[in-house]
Structures are given as structure tokens and as C-alpha cells.
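One structure is given below, encoded as C-alpha cells.
The values are calculated or read from the model by the stated rules, or taken from the named source; none is laboratory data. Quick caveat, the model's predicted, so the values are computed rather than measured. Cβ sites come from the backbone with ideal geometry, for glycine too, and all protein chains shown count toward neighbours. Protein only, heavy atoms only, side chains kept; ligands, DNA and RNA dropped before computing areas. Shrake-Rupley method; radii C 1.70, N 1.55, O 1.52, S 1.80 Å.
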Amino acid sequence: MPTSLGLAPSMLLTGLNGAREETDKLFSVIRGSSIYERPVPQRHRLIFYLGHLEAFDWNQIACKLSAKRFHPAFDKLFEAGIDPDSGSLPSDVPSDWPSLEEVHAYCQRVRGEVDALLPHIDSHIAGTAIEHRLMHAETLAYLMHNMPLEQKSAPALGPMPISTASQETPIIVPAGKATLGRKRGGSFGWDNEFDEHAVDVSSFCIDRHKVTNGQYLEFVRDGAPPPHFWVQGKKGWNYRGMFSLTPLPLNSPVYVTQKEASDYADWAGKQLPTEAQYHRAAYGTHSGDEREYPWGSAEMHHSHGNFGFQYWDPISVNANPAGDSAFGVSQMMGNGWEWTKTIFSPFPGFTPDSNYSGYSANFFDGEHYVMKGASPRTAPCFLRRSFRNWFRADYPYVYATFRCIEN
Ligand SMILES: [Fe+2]
């Protein structure tokens, strides 16, 4: 699995084409006019994203090199997504959007022009374009997960690992240092990943595995509302997968909002970890050194975790012992992002990216929480230690899991 973006000029096109392949595959799942649907009320209709991925590259790459705009109206229409609070949802209708033919023609022309300009762009801008597209490969999957099954055609699906019962033995993580962020001057990173700094973390106890559907079911039986990914069937709860409805997989992690994760932790008499505690449990070691990945520095492999587009849905919480951290904490990377109780805010030394100033700064509003790790649909490049993800506490569509800690 490639672990980093090949940013040498000769590799840029390969990197960009690899990312395009992932997003093209997603759009090919959408049936006919369903591309004009809005599966998630807080987001644009899917047709927006078809244009957005190319408009972003055009605005970021071509326009930076003074290319002449050939469709300024689309450059603007497809420029940026939305993240409203639930009180100000979008109200546009399908006929407000251009035809699929017009959007396809725009996309094709942008790709041609961007490809011709690639030898002239700097690697930071190329990294921005490639990672932006790969992030959408995941967030588009969230939106499409929420579409009725008949609006999607499933690609060929491989067998999922067989579920077995997990043993829930909490793990004591000794006090130590957690290094968050990263040094400037290396490979591509987003503005919120800088600067590197160390945080002292006291000893705490953490769940070995992510909280499962089976464990969360006890909470629901005690009166909690069911998570968004559950559907009540005649014989009990079902899991609403990307392409099918299945009886609730009791040993898979439960996908929940940050609020639900936090409520569960309260109910269990525990807490969610902070971002620093996540780092300590995932990367810390008994010797005091810190690892590159939870499993060490070996090249990432599907045995380490459920990430990198192998599956569309979660697998059992104990399916990846090869990916355990030095302290024995399982699946810190993959099978669903993990919620923390840390509000998304800048690290010391933060400066907004001069090419994309709103990427992080627009979300430092006290309403978004940090998620760490990776989901089944997370591209390998985001498995780097410093990568941070964030969402609102009540946004229910994300592939987000959690585990609890006790101080
Ligand atoms: Fe975007």
C-alpha cells in the first residue's frame, strides 16, 4: 500500500490519477438521476461534488498559474462545500443545478488543463489537491451511505472476516509523553498539524477494543436512542450498511456521534479520551519512544486495520491483532475514526495555509471535536500520526467509533 504521496513532479500525475480513480469509482455507484439527490440535509446535492472536485483543482492549481478561466460561473458554483448548523439547512432544488452533461464537459476540460500544468506546480499545492480529493473519497462515501439502497449499484464485494466474540480487558497506559503535531519542512501536511509539541499525560486505563454494537445495545435497552446506522427490523435491530441491511453485527464497532459516545461513557461511569490520551495509547511505548504507527514502523498492510478502501463497512473489533499498539490497544487505526473529547483548536504555532486559509480556521468555533485514527474508507496517506479530523458533536453520518478511558 503506498504510504505517502509521491510528490516528485514525475509522480504528481500518478498521485492525482490514483485519487481520481477512487472518486470516479464512487460516482459510478450512483444510479442515474440520483446524483441530483441530497442524502444528507446539511450538505449539498451529490451533483455539487462531481463539479467540486475538479473546480477545486482548477482554482487551486490552474488559477494559481494564471490560467485563463473558461467557465467562471462553474468555478464559483462548485468552489466550496457547506457545514451549516441544523437551523440553516440549504433549500435549493435539483433544477437549480446544471445538467450532468454540462458538468461532465467542465470536469473533462479541467482535468486536461490541470494535467498539462502539473509540471509547473509546487508540491504543496499538489499535495493539497490530492489529499483534498482523497478526503472527499471518504466524505462522499458518508453521503452515499445515507442514500436508499435502490439508488446505488454495488460493486463486486469481497467476503468480510467472520465475527468472533471479543474480550474486553481494559489496559493500563503508564504516565508519559505524547508528541502531537509535526515539524515543519517535511512532506505535505495540513495547517492544523503544525507545530510539533509534547504533552505530559498521566496514567489512565483504556478499553482494549472499540465499543461494539453489542455493548451499545445494552445502553439502548436502558433507554438511549439508537444510533443513526441502526434500523429496527421485525426480529430486532439491523445495521444499515453501504449496500445492504444486515442483522446487527454485535462484535463490530458502533458508529455514533460524539454526543452519543460521550453519553455512553457517562452511562458507563467512564470518559472519552483526550486527543493527547489517544496519542499516548496509540503511539507510546514502555521505553518512552513513540511509534510511527500504532504497530510500529512496518509498512501498513490490511492486517493492521480496516482502512484504505478494502471494505465499505466495519469488521469485528478484534480482527486486527497485528495492528495493536505497544500497550496492546487494538484498532487505534482503522475500522472507524475514534472520537475524543478534545475540541478542535489550533496547536501552538498554527498559521493558516496561505493557499487555503479556511481549511481549519473556519472550524475553530468550539463546536467541532477531534477524531483520530481512520475508517474503512480512509486513504492510506491520512494514517500519518499528525493527521487530525473533526466534526460537529451531533453530526450522525460519519464513520466514527469510540472507546472509553478511566483516569
Ligand atoms: Fe472540498
If a residue must be of a type in the set (Gly, Ala, Ser), within 30 Å of residue 153 (Cα to Cα) and touching a Phe, Trp or Tyr at 6+ places or on another chain (Cβ under 8 Å), how many such residues does region 303-339 contain? 2
State yes or no: is residue 311 open to solvent by 10 Å² or more (accessible area, probe 1.4 Å), within 15 Å of the chain's Cα centre (by Cα) and under 30 Å from residue 21 (Cα atoms)? yes
Considering 238, 192, which residue is of a type in the set (S, T, N, Q) and free of Cβ contacts under 8 Å to residues at least 60 places away in the same chain? 238
Condition first: in a loop (DSSP other than H, G, I, E, B), under 24 Å from residue 230 (Cβ atoms) and touching a residue at least 12 places away in the same chain (Cβ under 8 Å). Can you find one or more residues in region 257-266 that meet it? yes
Mind checking which residues of region 109-120 are surrounded by fewer than 20 Cβ atoms within 10 Å (Cβ to Cβ) and either under 17 Å from residue 25 (Cβ atoms) or among the β-branched types (Val, Ile, Thr) (or both)? 111
Among 375, 354, which is among the small types (Gly, Ala, Ser) and surrounded by 23 or more Cβ atoms within 10 Å (Cβ to Cβ)? 375
Of the conditions (1) outside any helix (DSSP H, G or I); (2) buried (at least 20 other Cβ atoms within 10 Å of the Cβ), residue 184 fails just one. Which one is it? (2)
Index of the failed condition, residue 216 passing every other in (1) open to solvent by 50 Å² or more (accessible area, probe 1.4 Å); (2) touching an Asp or Glu at 6+ places or on another chain (Cβ under 9 Å); (3) farther than 26 Å from residue 386 by Cα; (4) part of a helix (DSSP H, G or I): (1)
